[in-house]
Structure formats: C-alpha cells, structure tokens
Amino acid sequence: MSLAQLAGLLADPTRAAFCTALLDGRAWTAGELARHAGVAPSTTSEHLSRLIAGGLLAEERQGRHRYVRLAGPAAAALIEDLAAFPGAAQPAEPPRSLRESTRMSAEARARTCYDHLAGRLGVAVTDAVLARGLVADRAGLAVTDDGLAWLAGLGVELPAGAGRGGGRPLVRSCLDWTERRTHLGGALGAALCRTALDRAWVERIGSGRALRVTADGDRALYELLGVEPAA
C-alpha cells in the first residue's frame with residue numbers, strides 16, 4: 001500500500017475514530033465502535049473492511065461475533081504518532097456530564113496507551129527510569145545495562161526480537177496527549193504495563209482505558225522506582 005493510500009484510509013473521520021478507540025489495546029465489536037464514533041452500524045462494516053485490507057486492523061471471529069483490534073505494535077505506533085503530531089490534536093472539549101468528567105480525570109491519572117502505561121502514572125515511571133539510569137536519552141531512548149539487570153531482577157523478560165532489524169523497538173518515546181510529555185512505549189513499555197497488570201499493581205476501571213493504582217502498586221512503585229503514591 002502506498003503512502004497516499006494509507007493516508008486516505010485515515011483521512012476519514014470515522015475510520016480515524018475507530019483507530020483511536022482501539023489504542024486501548026483490546027478487541028472491539030463493530031457495534032461498539034459504531035456507538036463510540038456515533039455512526040450507523042450499516043456503514044461500519046465497509047470502514048472496517050477497508051482498514052483490515054490496509055493492514056491497520058486485524059479481525060477475529062468468535063461464533064457470530066466479529067472483533068477487530070489494531071494489527072500490532074507498528075500500527076499502534078503509527079496511530080499514536082499521528083495523533084500526537086502538532087496540529088492533529090483538537091482542543092479538549094469540556095465534559096458534557098459528570099460521568100464523562102470522572103472518566104477523563106481517571107484517564108489523565110493513569111491509563112493504557114495501546115499496551116503501555118500513560119497519563120501521569122506513565123510519565124512518572126518514565127521520569128523515574130531516566131533518573132535512575134535504567135533508560136538513557138541520548139539522541140533517542142535506550143535501555144542501559146543497569147536497566148537490563150533491573151528488569152532481570154524483577155523477572156521481566158523482553159521479547160527476543162525487540163530492538164533488532166524489523167522487530168519492535170526496544171523502547172520508544174510516545175507523546176502523552178494529556179501530560180504533553182513523553183511516556184515509555186516499545187517492548188519495554190509493554191513489558192512494564194503487562195507486569196503491573198499481572199501483579200495487580202494496577203487494575204482496570206470498568207471497560208475503558210483508565211487504570212487505578214492499587215495499594216500494592218503504590219508500595220511497589222515507591223520501592224522500585226521512588227514513584228510517590230498519587231494524591
């Protein structure tokens with residue numbers, strides 16, 4: 001697919017809304033995406049088929065249900081980078097209800113961005129690993145030897161192909177849309193998020209992207225990284 005064809009896929013507001021919603025890293029049904037984007041279900045199938053054919057989405061079927069998700073880390077990184085590109089973000093609109101205000105506040109504190117931590121929590125973790133020399137920022141982020149030893153001590157494994165030609169970057173910066181600062185993406189960001197969820201340091205709030213740091217998470221983040229519990 002050419003660059004112009006790819007740009008054409010994302011130029012449509014409905015398809016762009018679908019891709020942005022799928023940055024939560026989970027699979028959605030066509031009906032859920034239609035309701036999220038405020039479009040008729042009858043038009044959703046064609047949009048999804050085009051995104052699947054273009055390699056941005058992957059399809060899964062379970063019985064009568066059709067689920068779609070982002071095709072992988074490369075597709076997620078593309079959507080993240082485009083969403084964070086100067087001029088692409090729209091000014092934030094005030095919440096229209098108490099429920100929406102609560103959701104937005106929770107997402108600003110801590111959330112997932114595809115498969116890594118974002119919001120104030122994600123930025124705090126990023127600041128901490130940089131301050132401790134676990135990740136270095138020299139013309140781009142890189143995991144240090146101390147960082148690899150720290151991960152091994154935690155029992156956190158990075159994918160074998162990460163950081164190699166054609167593989168997922170070992171670590172990359174991702175501009176946080178609420179904090180306007182970077183948080184950790186790439187294989188390292190995904191591994192830390194997965195560890196936090198698996199060890200119940202964070203837990204999902206409802207069915208959205210928002211996360212809540214647990215009491216165990218507060219202790220672990222402080223002991224491991226010096227991240228202070230959120231107020």
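The values are calculated or read from the model by the stated rules, or taken from the named source; none is laboratory data. It should be emphasised that the depicted structure is a prediction, and the values quoted were computed from it without experimental measurement. All Cβ positions, even for glycine, are placed from backbone atoms using ideal geometry, and neighbour counts span all protein chains on display. Just the protein is used for accessible areas: all its heavy atoms, side chains included, with ligands, DNA and RNA removed. Shrake-Rupley method; radii C 1.70, N 1.55, O 1.52, S 1.80 Å.
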Problem set entry | Portion, in percent, of the accessible area of the chain that falls on carbon or sulfur, probe 1.4 Å | 54
Exercise. Could you give the accessible area per residue of segment 126-231, probe 1.4 Å, as a whole number in Å²?
Worked result: 55
Seminar exercise, completed: Relative contact order in percent for the chain (Cα pairs under 8 Å, 6+ apart) equals 16
Exercise. Given H placed on each backbone N at 1.01 Å, which residues far from Gly208 in sequence or on other chains put an amide H within less than 5 Å of it?
Worked result: none
Exercise. Using alpha-carbon positions, what is the distance between the centroids of segment 187-217 and segment 126-151, in Å?
Worked result: 20
Exercise. Hey, quick one: spin label on Val156, modelled 7 Å out along Cα-Cβ, who in segment 216-231 has an amide N within reach, i.e. under 13 Å?
Worked result: 220-227
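Per the Kirkwood formula on distinct C-alpha pairs, the Rh of segment 117-231 is how many angstrom?
One over the average 1/r among Cα pairs gives 14.5 Å for segment 117-231.
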For this session: Taking the Cα atoms of the chain, report the difference between the largest and smallest coordinate on each principal axis, in whole Å and largest first.
Result: 52, 46, 40
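Per DSSP H run of n ≥ 4, the term is -39500 (n - 2.57); total these for the chain, divide by its residue number, and report the mean residue ellipticity at 222 nm rounded to 500 deg cm²/dmol.
Values: 10 runs with 110 residues, N = 231.
Helix-only estimate at 222 nm: -14500 deg cm²/dmol.
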Seminar exercise, completed: Sorted by accessible surface (1.4 Å probe, heavy atoms of the protein chains only), largest first, Arg109, Arg64 come out as Arg64, Arg109
For this session: Could you tally the net charge around Leu70, taking each other residue with its Cβ under 11 Å from the Cβ of Leu70, Lys/Arg +1 and Asp/Glu -1?
Result: -1
For this session: With a Förster radius of 25 Å, plug the Cβ-Cβ distance of Leu130 and Thr214 into 1/(1 + (r/R0)^6) and report the FRET value to the nearest 0.05.
Result: 0.55
Exercise. How much length is gained if the chain between Thr29 and Arg181 is pulled fully straight, taking 0.36 nm per residue apart and subtracting their Cα-Cα distance, in nm to one decimal?
Worked result: 51.5 nm
For this session: Could you state the angle between the C-alpha long axis of helix 119-131 and the longest principal axis of the C-alpha atoms of the chain, as a value from 0 to 90 degrees rounded to the nearest 10?
Result: 40
Exercise. Using +1 on the beta carbon of Lys and Arg, -1 on that of Asp and Glu, and nothing else charged, what's the dipole of segment 135-231 about the Cα centre, debye to 20?
Worked result: 440
Problem set entry | Neighbour net charge for Gly54 - beta-carbon separation under 13 angstrom, K R +1, D E -1 | -1
Problem set entry | Neighbourhood net charge (15 Å Cβ-Cβ; Lys/Arg +1, Asp/Glu -1) for Val213 | +1
